[in-house]
Structures are given as C-alpha cells and as structure tokens.
Amino acid sequence: MSRIAEALPPPARSACRSITFDRGSEFVEAWRSLPMPARICDPHSPWQKGGIEKANGRVRRRLPPDSLVEDRSSTRLSAIVTRMNETPRKCLGWQTPAEAFSSKLAAIRRSDYNELQPSRTSA
C-alpha cells in the first residue's frame, strides 16, 4: 500500500487530505501505513466512492475484457492514466483533471485555502 503514496509526486502527497477505500480485504491492514487519514466505505454503499467507480469503468474500457490490471505493464497503465488526466470533464468546467489539480495545488502553495473549498450556493 505504500506504493500508493510513492506513486504520488511530493507536491501531490502534501495536497492529499484523505483516501477512501472500498471494503475489499486487500485494504484491511494496508490503510494503517498511509501518511494520511483513510476511510472505509460502508457495506453495499457504492455511492460513497462514486468517483472511483467511474474511473475504474474508464480504465476497464481501455483494457481487454477479463484482463487483470496486474498483468498490464506499468507503461501501458501510465498511458491510460495520462489519457484519463488529459480528458476534459464537464464536472470540472471542461478543465482536464490535470488542469484542475494543478490549479488546486497552486492554491495550496499560495496558502489560499478559500479557493480549495467547494463553492456553496445558499438555498
């Protein structure tokens, strides 16, 4: 599980506030070694990790059916990640995830935490 933290570049590590896992047995002990708070989703509650479910679906579309991610080269997986991070998203105002993350990271570096907060509209 330390590979998760190692995969993040140092600026990204400092930007991570927490990580959420599903209830898979592979995460039972591993989450304790992470340098950030970890949360475990409630049973049968996929909406608690909707973003990752969508991302997993996007990754699976780029892999042959019935293939295991573990059987793919790191080069191939990196290419998939790059493509996903360079695809504009409506939920990000048509920014790419890389652009949105860079913007938030710049706000952290400026210590402008107000920019990090989601905008809220009053009802």
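The values are calculated or read from the model by the stated rules, or taken from the named source; none is laboratory data. None of these values were measured; they are calculated from a predicted model. Neighbour counts are summed over all protein chains in view; Cβ atoms, including those assigned to glycine, are modelled from backbone coordinates with ideal geometry.
The set of residues from the stretch 43-93 being in contact with a strand residue (DSSP E or B) (Cβ under 8 Å, 6 or more places away or on another chain) and without any contact (Cβ under 8 Å) to a residue 24 or more places away in the chain comprises Pro88, Arg89.
Say whether the condition of being at pLDDT below 80, over 25 Å from Arg109 (Cβ atoms) and either in contact with a Phe, Trp or Tyr (Cβ under 7 Å, 6 or more places away or on another chain) or not in a loop (DSSP other than H, G, I, E, B) (or both) is met by at least one residue in the stretch 72-94. For the stretch 72-94, residues at pLDDT below 80, over 25 Å from Arg109 (Cβ atoms) and either in contact with a Phe, Trp or Tyr (Cβ under 7 Å, 6 or more places away or on another chain) or not in a loop (DSSP other than H, G, I, E, B) (or both): absent.
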